[in-house]
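Where a number appears in this text, it was derived from the coordinates with a stated rule and is not lab data. Being a predicted model, the structure only gives us computed values, none of them experimental. All Cβ positions, glycine included, derive from the backbone under ideal geometry; neighbour counts span all protein chains shown.
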Amino acid sequence: MPSAEPRAGVWRVGARHFWLLAPLLALAELTSLAVTTSRVAPNGDWRAAAQFVRAAQLPGDLITSAPAWTDPTLRLVLGDRLPFAQVGRSDTDAFTRMWALTIRGERPHDAPPRSPDFERAFGRVRVLRWDLGSSPVRFDLVAHVREAEVVRVEGTAERACVWRVGSASGGGVGAGTEIPAERFVCDPARPWLWVAPVVNEDLALEPRHCVYQHPQGAEPIRVTYRDVPLGTRLVLYGGMYATHERMGENGPVDVVVKVDGRAVGHMTHRDLDGWKRIEATTAARPGLRGDLSIEVSAANPNLRTFCWAARTEEGARRPRSAP
């Protein structure tokens, strides 16, 4: 049988030097803290960068930050310059320039695939700017939903959804979209049947500024915009509230886009599709106006918390990019 003496000797040597572990661990902790601290951008750098962007921002400019987890800091220093249309954007088509406050060499996911047109450092925070060119957007349906006509279809009848001002309710983590104080109420007996602009959490947990339009069943809820610029195409994004889509347990939602009563586009959104995009040709001449409708229906409306964002566009298409 091998002797246990060599092993015992090793343990005795280890025991004699065990006291070294404490200072070594402390040194490792201090080194880790120094490395982490060296990579943190001081609040003063963020404030200086924000002050510069605040002074340079023009109408039509987008402000964002990178990496994505710096968003709370961006809101702290520039929150008053971040409307819902920016933080909940589907893409960058509505904007003429993009400003980005960045650290660690990162850049926004939806930035153009080229070098920025402007760059300046404020300590550890860098300000980048991309000139995007004139916007092709002619009419933003989310921004103008209050001016629309909303009805629920029942056979050959149309029941008007009434714009009401009340109090906000619901919402919270995993609890669904907050019911806004101002909204079109389609049926008081079904409190989930309303239409309004909101910020909805999509399947990727991204905020989306969109029109909440829960279907009532196989017959549609219809939102109609009268005499609006049609452009030459309509771009529509849509998706469900994250918790209601990720389990893949419920049926599809159908969306029909109509121009002057004629269907020009269709989306079938199924669970796990995420924030989905379609493009429809409006068959309009530049400058032409008309009536534009969005119809939403579902054979089974259970937990079909559908929300969409759409606009008409005209002119050259921009390279597609999404956050």
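Once each part is reduced to its C-alpha centroid, what is the distance from region 56-93 to region 166-232 in angstrom?
The two parts, judged by their Cα centres, are 23 Å apart.
Taking the Cα centre of region 43-131 as origin and charging only Cβ (+1 Lys, Arg; -1 Asp, Glu), how large is the dipole, in debye to the nearest 20?
300
Got the relative contact order for the chain handy, in percent, Cα pairs under 8 Å and 6 or more residues apart? Don't jump to the answer; show the numbers that get you there.
Details: 682 pairs, mean separation 54.1, N = 323.
Worked out over the chain, it gives 17 percent.
Select from 209, 109, 269 the residue whose mean-square fluctuation is largest in a Gaussian network model of the chain (Cα-Cα springs shorter than 10 Å).
109
Taking the square root of 5 times each eigenvalue of the Cα gyration tensor, what semi-axes in Å does the equivalent ellipsoid of region 228-284 have, largest first?
27, 11, 8
Once you keep just the Cα pairs under 8 angstrom separated by 6 or more residues, what percentage relative contact order results for region 43-131?
Values: 128 pairs, mean separation 31.8, N = 89.
The value is 36 percent.
Under 12 Å from a label point 7 Å along Cα→Cβ of residue 205: give me every residue in region 263-279 with its amide N that close.
From region 263-279, the list is empty.
For volume of the Cα convex hull per residue in Å³, the choices are (i) 195; (ii) 239; (iii) 227; which was calculated from the structure?
This structure yields the entry labelled (iii).
Using the Cα centre as the reference, give the magnitude of the dipole from point charges on the C-beta atoms of the chain (Lys, Arg: +1; Asp, Glu: -1; all else neutral), rounded to the nearest 20 debye.
Charge dipole, the chain, about its Cα centre: 920 debye, nearest 20.
Test of understanding: what is the full-extension gain from residue 317 to residue 175, defined as 0.36 nm times their sequence separation minus their Cα-Cα distance?
47.4 nm
Projecting each Cα onto the charge dipole of region 55-192 (Lys/Arg +1, Asp/Glu -1 at the beta carbon, about the Cα centre), which of 157, 181, 100 comes out farthest on the positive side?
Farthest along the dipole direction, towards plus: 100.
Apply the a/c threshold of 1.5 to the C-alpha gyration tensor of region 120-184 and tell me whether it is rounded, prolate or oblate.
On the way: a/c = 3.74, a/b = 1.79, b/c = 2.09.
Judged from the Cα gyration tensor, region 120-184 comes out oblate (a/c at least 1.5, b/c at or above a/b).
Over the chain, with a Gaussian network built from C-alpha contacts below 10 Å, which listed residue (247, 267, 98) shows the highest mean-square fluctuation?
Highest fluctuation among the options: 247.
How much of the DSSP beta bridge set in the chain is antiparallel, as a percent to the nearest 5?
Of the beta bridges lying entirely in the chain, close to 90 percent run antiparallel.
For the chain, set up a GNM with springs between Cα atoms under 10 Å and report which of 248, 60, 155 has the largest fluctuation.
155
So how tilted is helix 5-17 from the main axis of the chain? Cα-based, degrees 0 to 90, rounded to 10.
Once rounded, one gets 70 degrees.
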